[in-house]
Amino acid sequence: MDTLAAFILGVVEGITEFLPISSTGHIMVASSLLGIGSDAFTKAFTVAIQFGAILAVVVLYWKRFFKSLDFYYKLLVAFLPAGILGFLLIKQIDKMLGNVMVVCWTFFIGGVVLLFVDRWFKKAEMEPDKEIKYSNAFIIGLFQAISMIPGVSRSAATIVGGLTQKLNRKAAVEFSFFLAVPTMFVATAYKLFQYYTDKENGGGFHGQEIQLLLIGNVVAFIVAMIAIKFFITYLQKHGFRIFGIYRILAAVAIYFLHRHGIQFAL
């Protein structure tokens, strides 16, 4: 990996992490097209730059993170399903990351779902902002667990989960943002520790690797700040339909690229 690749992946991460289009799927495609899709550092890098993206949430919503301990307890409850299943199924998840057809199908199915989400939850949009209960948080957490399947989109799954709990779009999206912080922090810390202690990689991070991680995280942070503001504004006016169309078109494109010899792996 070089500086340009780190910059590009940082942009991709920043744009896609909080939009309901799957950052994992896009990172897989981007890193494969850049020719860096399978080495150990790339795998660690593509997870670690999520840290820059979650910092954008903390900065934009910093007041909410000082609101009360109850806020953190609810995030913990919502985090637990994915945290436990992720720990138990880490090997199976890694195997799915190497299967481009899994991503292709989840892109497509998720796209179809997003085409109809606005219609299904039209009544929820009329609801005022409401306090999220622990039961709501847990159910949203179960939806997040589904997003461990590559290509599903953590953002899409948790937003739909929020809508099923009669949250309006804004409330569902914001809770999805907040839930990303502990989820991606744990994933990032685990992946960096795994890479750091892997003797096959020589152990630790070398000078250039640290530089690339800094570049990727700074770029992801800046781009995510812009993407979050855009997403909230766009969603309030237009809904999810455009993201569903995009996912379906992306699924078709990935399928045909794969059929014509492009190898996708992460």
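Please treat every number below as a calculation from the coordinates, not as lab data. Since this is a predicted model, take the numbers as computed values, not measurements. Cβ placement follows ideal geometry from the backbone for every residue including glycine, while neighbour counts extend to all protein chains displayed.
Evaluate the following for residue 237: is it loosely packed, with under 13 Cβ neighbours inside 10 Å, more than 15 Å from residue 12 (Cβ to Cβ) and under 19 Å from the mean Cα position of the chain (by Cα)? So residue 237 does not fit the description; no.
Inspect region 196-205 for any residue being among the polar types (S, T, N, Q) and within 26 Å of residue 168 (Cα to Cα) and give the result as yes or no.
The answer is no; no qualifying residue exists.
Checked against the criterion of being free of Cβ contacts under 8 Å to residues at least 40 places away in the same chain and either out of contact with any Ser or Thr (no Cβ under 7 Å at 6 or more places or on another chain) or within 19 Å of residue 247 (Cβ to Cβ) (or both), the candidates 69, 55 yield just one match: 69. Residue by residue through region 163-185, note down the ones that are over 19 Å from residue 72 (Cβ atoms) and of a type in the set (Ser, Thr, Tyr). Across region 163-185, the qualifying residue is only 164.
For region 196-207, taking the residues that are assigned to a helix (DSSP H, G or I) and in contact with a helix residue (DSSP H, G or I) (Cβ under 9 Å, 6 or more places away or on another chain), the one that is surrounded by the most Cβ atoms within 10 Å (Cβ to Cβ) is identified as 201. If you go through region 224-263 and keep only what is assigned to a loop (DSSP other than H, G, I, E, B) and touching a residue at least 24 places away in the same chain (Cβ under 8 Å), you end up with 239, 240, 262, 263.
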